[in-house]
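One structure is given here, and the rest of the page talks about it.
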Amino acid sequence: MSWDRQITLKNAKELAIMREAGRINAEALAAARAIIRPGVTTADMNAAAEEVLKKYGVTSPFKNYPGPYPYPASTCISVNNELVHGIPSARKLRAGDIVSMDCGTFYQGYVGDSAFTAGVGEISELAQRLLDATRDALMTGIAHLVVGNRVGDVSAAIQECAESRGFHVTREYTGHGVGQAMHEGPQLPNYGISGRGMALKVGMTIAIEPMVLVGTPRTRVLADEWTVSSLDGSLTAHFEHTAAVTENGPLILTQLKDGLNPWDLSGQ
Ligand code: MF3
Ligand code: CO
């Protein structure tokens, strides 16, 4: 997937709106994170997030997003081998599963976009290492979101973090600029070469989203035409923040408050 979409630089006022969009988004993710336990369905998680969106009167940029058919829910929930774009359903989570949730908000004309992966009950050591690597890849990528760097510096940092721990990054789905549209330029792959690609500029807002797979970088789309699975059925994880390039370095827009990620609160 490659695109040539517009890049928009946001001023301080726009960043303040996007920060609120992102904060609401974080609250929705945290609400869903808090109910995760064996027996809970992915539809229950979606409902918990939707309740927060409703409370703030915000809409979801995911709902009806164009695809093979309009995306039918406000969030994407993907279990184990499912990498991204899983549709919330009556599927019950089981102990040992890992579940990814991706949520978006539309607030005063601007988008927040963020995702996490969490374990259900006790998870395997491999699953835990995968979650840690994917989350660390996200945070390393964000740390490289500074003026003077290029898109390739961020991409390479993400790839290096995941691969140094023995995992793979997808080539088929990428991070992206975000603003009044959910998908703007620049495109931000999870693999790349330092020093290459577009120079980062103050006011860019980018959704950085490492998608990491245990067995193969390759994926396939399941019969529902939305859910993306690892090709070999192996475990996968996804973490995402919307972050801005500022004069003072990277600014994460999708936290509950400064330094507090939606996945930091203990669940279960
Ligand atoms: N956060 C995802 C993305 O960045 C999910 C959007 S897929 C949708 O592309 F269909 F649900 F909108
Ligand atoms: Co995204």
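Here are the numbers for the structure shown:
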{"read-out": "Tally, over the range 217-259, of residues that are open to solvent by less than 50 Å² (accessible area, probe 1.4 Å) and in contact with a helix residue (DSSP H, G or I) (Cβ under 9 Å, 6 or more places away or on another chain)", "value": "18"}
{"read-out": "Hey, ARG165 open to solvent by 50 Å² or more (accessible area, probe 1.4 Å), within 16 Å of ligand 1 (Cβ to nearest atom) and not aliphatic (A, V, I, L, M) or not", "value": "no"}
{"read-out": "All positions within the range 49-62 that are in contact (Cβ under 8 Å) with a residue 12 or more places away in the chain, assigned to a helix (DSSP H, G or I) and open to solvent by 20 Å² or more (accessible area, probe 1.4 Å)", "value": "GLU50, GLU51"}
{"read-out": "From GLY192, GLY185, residue being away from ligand 1 (no atom under 11 Å from the Cβ), outside any loop (DSSP other than H, G, I, E, B) and crowded, with 18+ Cβ neighbours inside 10 Å", "value": "GLY185"}
{"read-out": "Residue ID - most open to solvent (accessible area, probe 1.4 Å), chosen from residues in the range 168-182 that are in contact with an Asp or Glu (Cβ under 7 Å, 6 or more places away or on another chain) and outside any strand (DSSP E or B)", "value": "MET182"}
{"read-out": "Those residues of the range 58-93 which are among the aromatic types (Phe, Trp, Tyr) and either more than 10 Å from ligand 1 (Cβ to nearest atom) or at pLDDT below 95 (or both), in sequence order", "value": "TYR69"}
{"read-out": "Search result, residues across the range 31-48 that are part of a helix (DSSP H, G or I) and either closer than 21 Å to GLN255 by Cβ or within 16 Å of ligand 2 (Cβ to nearest atom) (or both)", "value": "ALA31, ALA32, ARG33, ALA34, MET45, ALA48"}
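The values are calculated or read from the model by the stated rules, or taken from the named source; none is laboratory data. None of the values given here were measured: they were computed from a predicted structure. Note: ideal-geometry Cβ built from the backbone for every residue, glycine included; neighbour counts use all protein chains shown. Side chains are part of the model used for accessible areas, which takes the heavy atoms of the whole protein and leaves out ligands, DNA and RNA. Shrake-Rupley method; radii C 1.70, N 1.55, O 1.52, S 1.80 Å.
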